[in-house]
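Visitor: Next up is a structure, given as structure tokens.
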Amino acid sequence: MANQEIERRRTFAIVAHPDAGKTSLTEKFLLFGGQIQVAGAVKSNKIKKTATSDWMDIEKQRGISVTTSVMEFDYKDYKVNILDTPGHQDFAEDTYRTLTAVDSVIIVVDGAKGVETQTRKLMEVCRMRNTPVIIFVNKMDREAKDPFDLMDELEEELVIQVRPLTWPIESGPRFKGVYNLYEHNLNLFQPSKQVVTEKVEVDIHTEELDNRIGRDLADRLRGELELIEGVYPDFDVDSYLKGEVAPVFFGSALNNFGVEELLNTFVEIAPSPRPVKAEERTVMPDEPKFTGFIFKITANIDPNHRSCIAFCKVCSGKFSRNVPYYHVRHDKTLRFSSPTQFMAQRKTTVDEAWAGDIIGLPDNGTFKIGDTLTEGEHLHFRGLPSFSPEMFKYIENADPMKQKQLAKGIDQLMDEGVAQLFVNQFNGRKIIGTVGQLQFEVIQYRLEHEYNARCRWEPVSLYKACWIESDDPAELDAFKKRKYQYMAKDREGRDVFLADSGYVLQMAQMDFKHIKFHFTSEF
Ligand code: G4P
């Protein structure tokens, strides 16, 4: 029973550069899962570009996304858990963390734009963790790049071998549909948001194909399919599961085209919950005892409920409501009377959850990203890297009477993973590092409204924060002395070098050959 429950679970995230079609694809999956009845029911959680940078608006808009952070549904014999990720790139860090809780990923690429910056970076995170990846090339109803060029681009830019499993016949107004190389059938395109288009079994060597799509296109398709079979090795599920090969599908999420094939193949080949590495040992999903870790904490948008929701990924065993569990960092036992699971638009209290599931735990500052829950074992799950931030500012107290509130607020917001804090060892000033301007506004707003504290930002010109380490203590010491004005500590007390330019960083790397400069905190 336990094994069956775990094996039928598919926990994954759909990731994309903003606007590639992540929301549209998620919505179509929910339609197939019977979670919603009509298209258009799921609101995009992306922050409208027009709402420049007013945090109030963001909060309102994100209000929708809080309950939809995880969406689960049954499809065929499978239980599908989709983890939503914020669309706005200023919250990219949130997305990276979510990727630590999934067992596989679907990447959506816009057929006209190809690989974009965000996609590249997200793929980097997948590669670091060998996460299996499926690629969906979207918007084929619009003029798209040549599919062979796209294959090359995906392979080069995402640094992964690709293997088409469907193949498009033209694109834009001439788009005829896709040929399924796996099932050997033709799926003819018919623009529609609601209807799933008909599929026809055709032997591509017969005239039937000519009748369906015209002689010229039929000949071209035959040639292209031959080329594909010649160029790409047969699709091998094991290589996909190891994160070495990414199968590619073509379609149009908006028109619900090519989505069913994608979903069917996905549930069939995507991994069930995978083993998770803790510092002490590797935890297998089918172990009888419950273990889990917190990968995301979301502030409650409802002003009457100031508590947060901590998202816990169940790594092994079965989680039960009202059973005492061990909070490793606090060395204390907690029980949860109202853990929640998430449907498309609602939250429900759950009595039990299995490895692979995500549960929401009400949180009043008990949790920190990366915290581990067990049935008593001292385990520490790892693999929640922090990337070097891209923007830095000094944070200063703007209300001398509220020093304590400010310190507490900063502390808790950092626990939630809103941004990163470094303390400069030279002048003792606190520096906040973020991926985007919006995060500074979020911090300021939340400090004021949740902690009754006021902060002020002051500029600091920095290029990158790098975690440093060395096997040569003398050289490390010499480096720290030379760069004493630029040395800081992160919240775990690790040494961080704050480089003020790319040139300075390069020189430092050349002068100090025995020092390793890391751009993520996981090494
Ligand atoms: P995102 O979550 O990745 O940011 O993308 P989202 O699904 O919100 O899609 C971004 C835009 O692209 C939307 O248009 C959406 O309708 C459109 N889109 C998604 N899939 C397809 C497709 O297969 N074909 C075409 N032609 N368009 C597609 P919008 O104008 O920004 O929003 P809306 O007014 O349509 O909601």
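The values are calculated or read from the model by the stated rules, or taken from the named source; none is laboratory data. Treat the numbers as computed from the prediction; the structure is a model and nothing was measured. Side chains are part of the model used for accessible areas, which takes the heavy atoms of the whole protein and leaves out ligands, DNA and RNA. Shrake-Rupley method; radii C 1.70, N 1.55, O 1.52, S 1.80 Å.
Visitor: Looking at region 130-172 from every direction and averaging, what is the projected area of its Cα convex hull in nm²?
Guide: It is 3.2 nm².
Visitor: Suppose only helical runs count, i.e. DSSP H with n ≥ 4. What mean residue ellipticity at 222 nm does that imply for the chain under -39500 (n - 2.57) per run, divided by all residues and rounded to the nearest 500 deg cm²/dmol?
Guide: The per-residue figure over the chain is -8500 deg cm²/dmol.
Visitor: Could I ask something else about it? Where does helix 22-32 land angle-wise versus the long Cα axis of the chain, in degrees 0 to 90, nearest 10?
Guide: 60
Visitor: Compute the convex hull volume of the Cα atoms of the chain, divide it by the residue count, and report the result per residue in Å³ as a whole number.
Guide: Given the Cα convex hull of the chain, per-residue volume reads 162 Å³.
Visitor: Leaving out same-chain residues fewer than 8 places away, which aspartates and glutamates sit with a Cα under 20 Å from that of Lys480?
Guide: Glu469, Asp471, Asp472, Asp490, Glu492, Asp495, Asp500, Asp511
Visitor: Another question about this same structure. Report Rg(Cα)/(2.2 N^0.38 Å) for region 214-306, keeping two decimals.
Guide: The reported ratio for this selection is 1.75.
Visitor: Give me the angle, in degrees from 0 to 90, between the Cα long axis of helix 117-128 and the longest principal axis of the Cα atoms of the chain, rounded to the nearest 10.
Guide: 80
Visitor: What part of the accessible area of the chain, given as a whole %, is carbon or sulfur when the probe is 1.4 angstrom?
Guide: Carbon and sulfur atoms account for 48 percent of the accessible area of the chain.
Visitor: Beyond 29 Å between alpha-carbons counts as too far, so tell me which of Lys289/Lys404; Lys113/Lys430; Lys242/Lys313; Lys402/Lys516; Lys121/Lys516; Lys430/Lys516 fall in that bin.
Guide: Beyond 29 Å: Lys289/Lys404; Lys113/Lys430; Lys402/Lys516.
Visitor: Hey, another quick one. Just the number: Rg to Rh for region 383-514, Cα atoms, Kirkwood Rh, two decimals.
Guide: Radius of gyration relative to Kirkwood radius: 1.00.
Visitor: Per residue, how much accessible area does region 127-236 show when a 1.4 Å probe rolls over the protein heavy atoms, in square angstrom?
Guide: Accessible surface, normalised per residue, equals 51 Å².
Visitor: Could you do me a favour and compute the accessible area per residue for region 414-494, 1.4 Å probe, result in Å²?
Guide: Heavy-atom accessible area per residue stands at 48 Å².
Visitor: Using the alpha-carbon atoms, what tilt in degrees (0 to 90, nearest 10) does helix 215-231 show relative to the longest principal axis of the chain?
Guide: On a 0 to 90 degree scale, this one is about 50.
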